[in-house]
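Read-outs throughout are calculated quantities, based only on the coordinates presented, and are distinct from any laboratory measurement. Keep in mind it's a predicted model, so treat the numbers as computed, not measured. Neighbour counts are summed over all protein chains in view; Cβ atoms, including those assigned to glycine, are modelled from backbone coordinates with ideal geometry.
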Amino acid sequence: MSVSIKRGDQVVVITGKDKGKKGKVLQVNVEDATCVVDGVNVVVKHKKARGQNQKSAREKKAGNIHVSNVMVLCKCGKPTRVSHKEVAGKNVRCCVKCKEVLDKKFTKVKDKEVKGKEVSEDTKTDEGNEKKTLQRREVKATADRTVKKKGEKYCK
């Protein structure tokens with residue numbers, strides 16, 4: 001079964017006792033088609049003390065919720081279904097309502113490409129100000145000089 005929700009997405013619960021709650025997806029289980037959403041379906045686990053040094057406790061943790069009971073929140077602020085498109089040779093998830101890309105990694109890469117083009121154009125004008133990077137063999141040679149060798153008292 002394919003799941004259109006990924007870890008880190010903002011989702012809203014559309015059915016059940018927590019209907020209307022919003023949260024971040026902490027974990028997705030593709031085999032069961034369930035996800036764990038922060039602050040949704042909170043269950044209490046009783047932890048028994050196993051020794052004299054330990055204390056008994058009641059731990060609250062988020063339980064599983066089925067993927068069909070949540071919808072992804074788009075950047076436009078509305079819960080939406082997810083469509084899949086191919087953009088720049090990559091398959092990405094998109095909002096059905098506003099056609100905005102939902103994948104965070106793709107948007108970051110796209111922004112870096114745009115910034116990278118601007119930076120490369122700026123460096124063309126200021127070629128004299130560029131800092132020379134060391135080649136691999138130069139780095140190794142400088143490292144060998146600074147490492148203390150057997151029998152020597154001081155580094156060179």
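A few comments on the model shown:
- Here's the picture: charge each Lys and Arg Cβ at +1 and each Asp and Glu Cβ at -1 in the stretch 37-95, and of V37, G51, A88 the one pushed furthest to the positive end of that dipole is G51.
- Computed over neighbours whose Cβ is under 14 Å from that of S2, the net charge equals +1, Lys and Arg +1, Asp and Glu -1.
- Taking amide hydrogens as placed 1.01 Å from N in the peptide plane, the amide H of V3 sits under 5 Å from that of no residue at least 5 positions away in sequence or on another chain.
- When the C-alpha to C-alpha distance is required to be over 20 Å, the pairs from K24/K48; K6/K104; K22/K104; K22/K45; K6/K60; K21/K61 that qualify are K24/K48; K22/K45; K6/K60.
- For peptides 84-97, 45-58, 13-26, 66-79, sequence by mean Cβ density within 10 Å, most packed first: 66-79, 13-26, 84-97, 45-58
- Cut-off under 5 Å, modelled amide H: who pairs with V70 long-range: I14
- Surrounding net charge for V43, when Lys and Arg each add one and Asp and Glu each subtract one, Cβ distance under 14 Å: +3
- Interchain or long-range residues, amide H under 5 Å from D9's placed H: V25
- Treating r as the C-beta distance of R7 and C76 and R0 as 25 Å, the FRET efficiency rounds to 0.70.
- Per-residue Karplus couplings for the stretch 24-35, computed as 6.51 cos²θ - 1.76 cosθ + 1.60 with θ equal to phi - 60°, are listed in order as 9, 6, 8, 7, 10, 10, 6, 5, 8, 6, 10, 9 Hz, Gly and Pro entered as x.
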